[in-house]
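What follows is calculated from the coordinates using simple rules that are stated; it is not laboratory data. The model shown is predicted, which means the values in this text are computed figures rather than measured ones. Neighbour counts run over all protein chains shown; Cβ positions are idealised from the backbone, glycine included.
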């Protein structure tokens, strides 16, 4: 099968890698354009762009799929188009060109949109699905060829969920492509549809007035990127690990209740307690609590902002 692959971030790489290793022919790869990154603001290719280039595959990086870029795409002969976290909505002309398959890591119609993994964790979902769907003109509204359910443990972070769903999605994609002509996709129900909007910088700070389980979900949903934050004095710290504590308290929210090598227990809303297990101060490396507390002491009744 001749395939056009469209994707950009790390999440798409297992799908592209397994397609390259398969019997299918990747005739072109589309990715987001290189953009400035790092302290030097040098142009950096997306993960998909770099992977495709390593294998000598032609890579196209238009800002928009219109005008000459659209014409160029429509002139590439293919049997299917695979889209994994590409970052652009496809115009109708592309959807009409060939079957357009998408790997989407959510229990569709729940968490349609840009950040399904983050929102599953933010909302404490106990399970999720990985779906192979057919794209239509809507936002993740197309019919589903295959879905696989998985549990989400209460300690699982975004990074862990990302890697697992990316691998499962890649395997499922190859299964669907192997007998695509024999499959009939199942239409999504609109009931229960939710939108997973983008994660923005203003979502990083922790609200200690929320119950501990909500704060914990916030931390793991943003770990490892962009990471949840707390303020202490005039510093902003990254929170890279937390655990739920069964104890209660009668302290103002944000108060440091106890510190130990196991973690920093913090007062949260509804008299619940959250234990912080890994922190990073500005300009420092991430530290587990035994190392962190060896170089930092809290005063009595210290309180996070």
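Observations, loosely collected:
- CD proxy at 222 nm, helix term only [per DSSP H run n ≥ 4: -39500 (n - 2.57); per residue of the chain; nearest 500]: -7000 deg cm²/dmol
- FRET efficiency, 1/(1 + (r/R0)^6) with R0 45 Å, evaluated for residue 41 and residue 18 via beta carbons: 0.85
- Of all DSSP bridge pairs formed entirely within the chain, close to 65 percent run antiparallel.
- Ordered by the number of other Cβ atoms lying within 10 Å of each residue's own Cβ, fewest first, 266, 215, 273 fall into the sequence 273, 215, 266.
- Neighbour counts of other Cβ atoms within 10 Å put 291, 54 in the fewest-to-most order 54, 291.
- Nearest-ten-degree value, helix 158-178 long axis tilted from longest Cα axis of the chain: 20 degrees
- Each 5 Å bin from zero up to the one holding the largest Cα-Cα distance in the range 176-255 carries the following percent of pairs: 3, 11, 16, 16, 13, 9, 8, 7, 7, 5, 3, 2, 0.
- Between residue 167 and residue 154, the distance separating the two model label sites (each 7 Å from Cα on the Cα→Cβ line) works out to 2.5 nm.
- Largest-first principal axis extents of the Cα set of the range 201-294 (Å): 34, 31, 23
- Under the criterion of Cα pairs below 8 Å and six or more residues apart, the relative contact order for the chain equals 13 percent.
- Relative contact order for the range 194-305: 26 percent, from Cα pairs under 8 Å spaced at least 6 residues apart, divided by residue count.
- √(5λ) per eigenvalue of the Cα gyration tensor, the range 47-176, largest first, Å: 28, 16, 14
- Packing-based exposure ordering (other Cβ within 10 Å, fewest first) of 258, 184: 184, 258
- Its Cα gyration tensor gives the chain an equivalent ellipsoid. The semi-axes, each the square root of 5 times an eigenvalue, are 42, 21, 16 Å from largest down.
- FRET efficiency, 1/(1 + (r/R0)^6) with R0 45 Å, evaluated for residue 200 and residue 302 via beta carbons: 0.95
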